[in-house]
Structures are given as structure tokens and as C-alpha cells.
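Structure first, then comments.
The values are calculated or read from the model by the stated rules, or taken from the named source; none is laboratory data. A quick note: this is a predicted structure, and the numbers were derived from the prediction, not measured. All Cβ positions, glycine included, derive from the backbone under ideal geometry; neighbour counts span all protein chains shown.
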Amino acid sequence: MIRLTWTLIFPMILALSVTPALANRTDNAPVQVFVSVLPLKYFVERIGGSHVDTEVMVGPGQSPATYEPAPRQMSRLGQADLYFRVGVPFERIWMPRLADLNRRMRVVDLRDGIDLRNLEDHQHAKGPAHHEKETAGEHKDDILDPHIWTSPVLARLMADHIRAALIAIDPDNTQAYQAGYAALETDLTTLDRQLRKRLAGIKNRKFLVFHPSWGYFADAYGLQQIAIEEAGKEPGPRALAGIIARARQENIKVIFVQKQFSRATATTVARAIGGQVIAVDPLAENYIDNMRSAAEAFTRTLEKP
């Protein structure tokens, strides 16, 4: 029913939105920015300050895997100057439509220049995969991990892309964007140093997650995530038994989950291994504080014998 509704209303939104969007951006008005997920909003606002007006597509508690844009967002996108993307699932379907909605809007891929890792399941720890510019074969994104912001080192590269894009579209405020970026870059460098020190002495380097969203974090700090999901889906009975057996073998007692996904399977595994379920949210907006809290949660649980 939702798809049918969009089939009917999308052309109307397109017709109403494209023409105004082609006008030049008003002098001294904030740059109108859209981002896919909340951590990107944090980066943009730290760099842009009062010179940007930032809206996020996937709001608190929503999942990028199942999200569909609301009509109001589509209308607002018709007036946007910039869109920052990272390849989360909904973008695979919606980016061509969003580009048609506002042909003036510049789309900036924050993955550019980053060696992307493949999404992993409970059977495989997949290595890096070089990011290729997307063409009609955008289905390649299905195996690539978009959660690049969970590494503060990669977050610095993302911030640099954001700075460059804001300066390009609004050169009059270059100094402000440079200053905002410098402050954020310093905070990200400090965060990376703190996390590296905090996680360095942990003996048990493996952890279990439902959805594999912490791969870049794990890579940055010498950890290894093991995912319950199998190819993005709930595991079957045989796969679930294998996960439980591996968790027991690896002496894993904690399963990390995020609020955007069901806890049912994770709870089943936790009961079977005599462990517990702990929530950590890679999509929280307050990036610096959230990453410190997540690292503390990993440390507390991985330090336990």
C-alpha cells in the first residue's frame, strides 16, 4: 500500500519541488543540508554552525534498513543545497529519486577515498573491499558496510569532505567552516587517542552483535565482531545453533544490540550461553559522547573473564 501511495504522490511532489529548487540560494541564508543518519548531522553542525540548516532523513529509533522518506521530507529536499550520503540501505533505492527531485542539490558521498569493508555474518570476517563509484549496478552496496562513522579516524576523513563541500557551495563563510572543522578534527583526534588507550589492554578481543554495525570500530582498535545476522536476515535454526556453539567456544557472554532491531534472537542466544544483552547505538546523534559510552560498554564486558 505504501508503494502504491508513493507511486501516486511522488510525481506531484517532484512537480511542486523541482522548479523552486533551481533558483539560486539566497545570499546569507543558511546552507540547506540533508544527511542520511544522525551522526552525520552532528558533523555538519559542528563544522557549519549557524551557517547551515541540517535535517536528517532517518530519525531517532528508525532503521536505515526499513526507512522510507516522509512526504514532508521529500518536499523539503526540493529546496536542499547539499545531501551527504554514506550508502545506508534506504539510499540504494531512494537516491535516484532524490536526485530527480532536486537536480540542483549536490550529493556528496562521504565514503569517497575510504576502503570499505564487506558486511560480515557469523561465519565470515570479511576484509576490506575497495569502494567503486556507483553506476546502474548500485546493488554492489548490498555487501558493503556503510557504518564508516564508527571509526573516529574515518570520521575525520568524512569531516574533511563536509568542510570542502560547504566551502565550495558557500565560499563567503570559508573561515567559519575551517574553524569548525579544526575544532571537530581536534576532538576526533582526542577521542581516537582515548579509545585506543582504553581498549588496548583487553585480552578478549571478540564480541557478538546482532547487526554488524561496529566493524570499522573493531578494525580501528584491534577487535573482531561476530554477527548473528546472516546476509542481513534472522538466522535459521541450524545457523543459530552454530552461533551459540561458537559463542561458548570463544567464551563470549555478551551480545550487543541496537534499538533499531528486535532483541528476540539476541535474547535467545544470551539465554543459551548464560550471557546478557547490552544496547549500544551506532546511530546516536551526540557522536563524541556516544562513542565514549560505547567504548566503555565494550571495555567493561570484554575485560570480564
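Residues that are closer than 16 Å to ASP81 by Cβ, under 18 Å from the mean Cα position of the chain (by Cα) and surrounded by fewer than 24 Cβ atoms within 10 Å (Cβ to Cβ) within region 41-61 comprise LYS41, GLU45, THR54, GLU55, VAL56, listed in sequence order.
Restricting attention to region 169-215, the residues being more than 30 Å from ILE226 (Cβ to Cβ) and among the aromatic types (Phe, Trp, Tyr) number 2. Among residues of region 171-194 that are assigned by TED's automatic domain parsing to the domain that holds LYS41 and surrounded by 13 or more Cβ atoms within 10 Å (Cβ to Cβ), none has a beta-carbon under 6 Å from a residue that is of a type in the set (D, E, K, R) and outside any helix (DSSP H, G or I) at least six positions away or on a different chain.
Out of LEU16, LEU98, LEU40, I need the residue that is in a helix (DSSP H, G or I), modelled with pLDDT of 95 or more and assigned by TED's automatic domain parsing to the domain that holds ALA159. Which one?
After applying the criteria, what remains is LEU40.
Here GLN249 meets the list (1) more than 19 Å from LEU144 (Cβ to Cβ); (2) in contact (Cβ under 8 Å) with a residue 12 or more places away in the chain almost entirely, failing just condition (2). Report, by residue number, each residue of region 62-93 that is part of a loop (DSSP other than H, G, I, E, B) and touching a strand residue (DSSP E or B) at 6+ places or on another chain (Cβ under 7 Å). Within region 62-93, GLN79, ALA80, ASP81, GLY87 qualify. When the criteria are applied in full, ARG196 meets the requirement of being at pLDDT 95 or above, closer than 30 Å to LEU157 by Cα and of a type outside the set (A, V, I, L, M, F, W, C).
Note on region 268-291: among residues that are under 20 Å from the mean Cα position of the chain (by Cα) and hydrophobic (A, V, I, L, M, F, W, C), the one that is farthest from VAL37 (Cα to Cα) is ILE278. A single entry from GLY242, GLY222, GLY215 fulfils the requirement of being loosely packed, with under 13 Cβ neighbours inside 10 Å, of a type in the set (Gly, Ala, Ser), touching a residue at least 12 places away in the same chain (Cβ under 8 Å) and not assigned by TED's automatic domain parsing to the domain that holds VAL86: GLY222.
Of the listed requirements (1) farther than 22 Å from ARG117 by Cα; (2) in contact (Cβ under 8 Å) with a residue 40 or more places away in the chain, ALA227 misses just one: (1).
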